[in-house]
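Taken together, the values in this text are just the output of simple stated rules run on the coordinates, not laboratory data. Bear in mind that the values here come from a model prediction, so they are computed numbers and not experimental data. Neighbour counts run over all protein chains shown; Cβ positions are idealised from the backbone, glycine included.
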Amino acid sequence: MTTCILQMRNAFFCQLGIGIFANALLLVFHILLFLLEHRPKATDLTIGHLALIHLVMLLTMGIMATDIFGSQNFWDDIECKAVLYLYRLMRGLSICTTCLLSVLQAITLSPRSSCLAKFKHKCSHHNPCVFLFLWVFNMSVSVRFIISTISTPNVTSDYLMLVTESCSFWPLSYLLRYVFSTLVTFRDVSFVGLMALSSGYMVVLLNRHKRQFQHLHSTILSPKASPGKRATQTILLLMSFFVVMYFLDCVVSSYSGMLWNNDPVRLCVHMLVGNGYATISPLVLISTEKRIIKFLTSMWGKE
């Protein structure tokens with residue numbers, strides 16, 4: 001193993017460890033919050049769901065990494081299909097749940113005169129139904145990875161794209177490739193577009209609140225940002241980072257698809273980029289959530 005690949009492998013496993021720990025912490029906190037809190041925020045369940053998705057995604061990526069970096073145990077077709085299908089399913093759910101989080105925060109921030117205000121009290125009741133729809137939809141879209149994933153044969157072939165040491169992608173027929181590409185494009189464009197609209201709406205509302213605040217010179221008003229504003233700024237930061245990582249991942253994926261080769265450096269770069277959002281997002285949410293900080297401080301004080 002060359003020095004470059006070794007360094008990238010170490011960076012990847014470091015990223016993986018940080019992401020797994022942060023998402024596990026975020027998930028445990030929101031489970032306790034759901035069990036103990038009488039009136040959780042509208043976004044709490046969605047953030048917990050996102051943490052679960054990213055935790056499973058990173059754990060699955062860790063399993064794949066053991067085979068990418070030369071495991072002695074080769075997987076069969078069923079193991080390859082199961083691992084890669086689960087990973088791609090989690091990636092799709094990550095996009096959809098991030099979009100849902102942005103929309104919920106936009107609804108929460110919207111004024112009473114807005115048409116979105118009527119959804120404020122319905123959000124928490126309809127969340128489980130939305131989650132079920134997202135799971136069923138993404139399970140259907142990700143079926144392509146069950147069809148195209150095979151255990152890497154002993155013979156070499158120019159038509160195979162190596163994913164791990166044991167697993168490869170076999171090119172689909174034109175019809176299936178067109179159908180699944182259309183579904184994936186529809187999902188990504190729809191949810192990323194909705195995410196951009198809700199984020200833009202929140203930016204407009206924040207600017208409006210800022211202008212209104214500037215016209216008020218009363219000393220009674222606190223200069224500190226309200227909890228709702230801080231939460232909105234956190235969500236906007238997440239959305240911005242997600243969009244950057246999403247398009248960067250699209251560029252790397254397109255480049256890999258054009259090459260259609262088995263370059264280990266390409267695989268390492270793709271993994272680092274692909275897991276960037278799942279690793280950074282829980283750190284952002286933890287660092288900006290006072291309830292988690294208080295919880296950690298109290299736990300640390302007891303020890």
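Data for the structure
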read-out: Simple label model, 7 Å out from Cα along Cβ direction - F133 to C14, nm; value: 4.3
read-out: Shape call, the stretch 57-96: gyration tensor on alpha carbons, a/c limit 1.5; value: oblate
read-out: Cut-off 15 Å between beta-carbons: net charge of the residues surrounding F74, Lys and Arg +1, Asp and Glu -1; value: -4
read-out: Computed Rg/Rh of the stretch 44-111, alpha carbon atoms with Kirkwood Rh; value: 1.18
read-out: Listed peptides 182-189, 200-207, 163-170, 75-82 by packing density, highest first (mean Cβ within 10 Å); value: 163-170, 75-82, 200-207, 182-189
read-out: Packing-based ranking, highest mean first, of 90-99, 245-254 given that Cβ atoms within 10 Å are counted; value: 90-99, 245-254
read-out: Placed amide H near C167: partners under 5 Å, 5+ positions off or other chain; value: T152
